[in-house]
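Enquirer: Questions regarding the structure given below will be posed in turn.
The values are calculated or read from the model by the stated rules, or taken from the named source; none is laboratory data. Just so we're clear, the structure is a prediction, and the values are computed from it rather than from any experiment. In this analysis, Cβ positions are derived from the backbone assuming ideal geometry, glycine residues included, and neighbour counts consider all displayed protein chains.
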Amino acid sequence: MEQHLQDLYEVLSKVDGYVYPNEIELNWSILIVLYPYITGLVAGAFILASLERIFKVHILKPTYGIALLTAFSFMLVATMPLISHLGKPFRAYEIMITPHSSSAMAIFGFVYLWYLMVVLLLEIWFDYRRDMIIWAQETTGVKRFLYRVLSLWTTDISPKAVALDNRIGYIVTVIGIPSAFLLHGYVGFIFGSIKANPWWSTVLMPVIFLFSAIVSGIALVMLIYILLTKVRKLKIDMECLDTIAKYLFYILIIDFVLEGLDQIHRIYEAEESFEVLHKLVFGKLFFTLFFMQGLFGTILPLLTLGTFQFYKPKEKIRKIIYLAISALILIGVFFMRWNVVIGGQLFSKSFYGYTSFKTGMIGSEGYLMAAVWLIVPFIILSFLLWLLPPWKKKEELPETQGL
Amino acid sequence: MRPAKPKVSRRDFFKAGTIIVGGIAVASAFTPYDAVLIAAEKPKKGKWYGIGIDINKCIGCGKCASACKLENNVPKAPFYFRSWVEQYTIKNDGTIIVESPNGGIDGFKQSVPTNEIFKSFFVPKMCNHCAKSPCVQVCPVGATFETPEGIVLVDENYCIGCRYCVQACPYGCRYIHPDKGTVDKCTLCIHRLVKGLQPACFEICPTEARIFGDLNDPESKLNYFLKNHTCMVIKPHLNTGSKLFYNALSSEVR
């Protein structure tokens, strides 16, 4: 408490121009930067998985399982930064019990649950049911018990039953694609619908969030795939990696165009808030916007991936570059979220001045806590990859292949 | 060979379509769309409170801001205000300087030399008790609400402290109470209103720059004030249905 007040006094001494007295404190901190970031990774990873399943891009098969489990691991954690940021975390359930119908945020609980329970959980279960039954027969002890529980004690792996699994899995994925769009588009709407804030209030916000989400999710699966094959000392499927890179390139173009359009529109219209935002962009957001998000997170990956579309260097070099590019994109999208969430609170709604952002390493809203929420999904993912290794899935008989 | 008959005939398609669309329409009739615009109709009966502030009369003594803190136990630190005063100074070269040290509680010192000043004035700020409150609209649990008298309140036993309303308020009138973890804002001293008293900031104002009253009562002081002055709300383009009307509001004020 004392520390919090001290921090506020320090921020007060650094206020540039005039801000409303209640605006000195930044209300949404790094945890709220993480929340759209993590949900974005979920949506993106799921879209990549559905490319294989629905759009029949079978070349992406090696990443299908990884993408699904990645989406699931991050989804489990997605609400944690939000809940731990609440002033009254133990009242979080009220959003579910007494949602306010006109609040964009109130829909969150439902969209989240729908996506987690109905889409992701069902898809993974139907995808792994047959394998879990087989693994339960092949293993002993706790692991065997786990598989039996997870498969809900089902035992039928007849071709007919497996065909039904595939059919349901397919339907769930079909439902999942618009759900993924809804999940993340809606997160963008939370910001885009705030008319009080000209940095947020744009009709493009949900679409921008969606496409940057897809970009980040694909980049994450790409990174995990490269690292996993390295750890497992296997030869990487370059054709698969090139295809992912191709999709990444296309969606990055859309994302770049949309964000560019948003800014051009803002500059051309040059409304009342233009001056304050102009100074914000060239001042407090200069480094994170132009360098982290723009140059490293967008332009460099775009140019590199673009070049690869007609000139492909040797596999070894390409692999290293893909690794670097995916990491850069992940950092870039993180800073995109940063620039939206933090940037939107740095200027006063009086348009007469700027406050600043201060957070420490420790504390429930410090950098360490944020790092925890970014690391936990990887721990969950490691466990899931151990329990449900996609590479150990038994090949299905030809007649039971998906629809 | 004739092509196989499609599984879903056109008739079936239209039938299913009609049922779905009709079903949605019927369901919608039972749960009427309560967008903030519709919810914000001015009631024809009962009280409908509004506020008037005469900028020409404000002397920047800051008594309103300090009375508010005392009356409502607002934290003393200069980051939490339900009511504050801003000093606007427009220099000869057109530069606008806005200041509000400690919300004006300790009074003001003019930082610009007199010969450089084109004009200067004070603007008391507080919750606008909007009729189409963006803060009420976004609250995920409905902890903040408008009373039938048009006062925007917060149920602190219900607020989850998500801070969405703080982001949604265009006037910076909300803060998170540092001890409670829930949002806090002007209540128009409803605890005094129910006793027939005026809100603290109105009662203490030495120049009667603040006028409080019932917009539904044609004889009220507020309606008299609104009739006889050219009044404006802040940020009218945001269509928040603000019920805080300023006389002599300069375009510089935001």
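Enquirer: From A:V33, A:V19, A:V42, A:V77, which residue is within 11 Å of chain B (Cβ to nearest Cβ) and either in a helix (DSSP H, G or I) or modelled with pLDDT of 90 or more (or both)?
Expert: A:V19
Enquirer: Counting just the residues of the range A:225-263 that are farther than 22 Å from A:L302 by Cβ and among the β-branched types (V, I, T), which one comes out surrounded by the fewest Cβ atoms within 10 Å (Cβ to Cβ)?
Expert: Of everything passing the filter in the range A:225-263, A:V231 is surrounded by the fewest Cβ atoms within 10 Å (Cβ to Cβ).
Enquirer: What number of residues within the range B:152-176 are more than 8 Å from chain A (Cβ to nearest Cβ) and in a loop (DSSP other than H, G, I, E, B)?
Expert: So the answer is 3.
Enquirer: Identify, from the list A:I107, A:I47, A:I95, the residue that is free of Cβ contacts under 8 Å to residues at least 60 places away in the same chain and of a type in the set (V, I, T).
Expert: Exactly one of A:I107, A:I47, A:I95 is free of Cβ contacts under 8 Å to residues at least 60 places away in the same chain and of a type in the set (V, I, T), namely A:I95.
Enquirer: List, please: which pairs have Cβ atoms under 7 Å, are six or more places apart or on different chains, and start with a residue in the range B:205-221 that is farther than 13 Å from B:C61 by Cβ and end with one that is among the β-branched types (V, I, T) and not in a loop (DSSP other than H, G, I, E, B)?
Expert: B:F212/B:I51; B:K221/B:I211
Enquirer: Does A:F335 satisfy the condition of being out of contact with any strand residue (DSSP E or B) (no Cβ under 8 Å at 6 or more places or on another chain), buried (at least 19 other Cβ atoms within 10 Å of the Cβ) and in a helix (DSSP H, G or I)?
Expert: Yes.
Enquirer: Another question about this same structure. Out of the range B:55-106, which residues are within 14 Å of another protein chain (Cβ to nearest Cβ), of a type in the set (V, I, T) and in contact with a strand residue (DSSP E or B) (Cβ under 7 Å, 6 or more places away or on another chain)?
Expert: B:V85, B:T89, B:I90, B:I96, B:I97, B:V98
Enquirer: Among the residues of the range A:350-357, is any part of a loop (DSSP other than H, G, I, E, B), touching a residue at least 40 places away in the same chain (Cβ under 8 Å) and away from chain B (no Cβ under 14 Å)?
Expert: Yes: one or more hits.
Enquirer: State all residues of the range B:163-192 that are buried (at least 20 other Cβ atoms within 10 Å of the Cβ) and touching a Pro at 6+ places or on another chain (Cβ under 6 Å); if no residue qualifies, say none.
Expert: Across the range B:163-192, the qualifying residues are B:A168, B:L188, B:C189.
Enquirer: Follow-up. What's the number of the only condition in (1) surrounded by 14 or more Cβ atoms within 10 Å (Cβ to Cβ); (2) under 20 Å from the mean Cα position of the chain (by Cα); (3) not polar (S, T, N, Q) that A:R266 fails to meet?
Expert: Failed condition: (2).
Enquirer: From the list A:I379, A:I362, which one is on the phi < 0 side of the Ramachandran plot, of a type in the set (A, V, I, L, M) and modelled with pLDDT under 90?
Expert: Just a single option satisfies the conditions, and that option is A:I362.
Enquirer: Considering only the range A:259-286, state which residues are without any contact (Cβ under 8 Å) to a residue 60 or more places away in the chain and either closer than 26 Å to A:V57 by Cα or small (G, A, S) (or both).
Expert: Of everything in the range A:259-286, those that are without any contact (Cβ under 8 Å) to a residue 60 or more places away in the chain and either closer than 26 Å to A:V57 by Cα or small (G, A, S) (or both) turn out to be A:G260, A:A270.
Enquirer: For A:F181, state whether it is in a helix (DSSP H, G or I) and either within 14 Å of chain B (Cβ to nearest Cβ) or touching a Lys or Arg at 6+ places or on another chain (Cβ under 7 Å) (or both).
Expert: No, not satisfied.
Enquirer: Something else now. Say we look at the range A:51-60 and pick out the residues that are touching a helix residue (DSSP H, G or I) at 6+ places or on another chain (Cβ under 7 Å) and surrounded by fewer than 24 Cβ atoms within 10 Å (Cβ to Cβ); which of these is nearest to the other protein chains (Cβ to nearest Cβ)?
Expert: A:I54
Enquirer: Hey, any hits in the range B:119-139 for a residue that's surrounded by fewer than 16 Cβ atoms within 10 Å (Cβ to Cβ) and closer than 24 Å to A:D16 by Cα?
Expert: For the range B:119-139, residues surrounded by fewer than 16 Cβ atoms within 10 Å (Cβ to Cβ) and closer than 24 Å to A:D16 by Cα: present.
Enquirer: Which ones in the range B:103-142 are outside any helix (DSSP H, G or I) and among the polar types (S, T, N, Q)?
Expert: Scanning the range B:103-142 gives B:Q110, B:S111, B:S120, B:N128, B:S133.
Enquirer: Quickly run through the range A:153-174 and pick out the residues that are without any contact (Cβ under 8 Å) to a residue 24 or more places away in the chain and part of a loop (DSSP other than H, G, I, E, B).
Expert: Listed by number, the residues that qualify are A:W153, A:T155, A:D156, A:S158.
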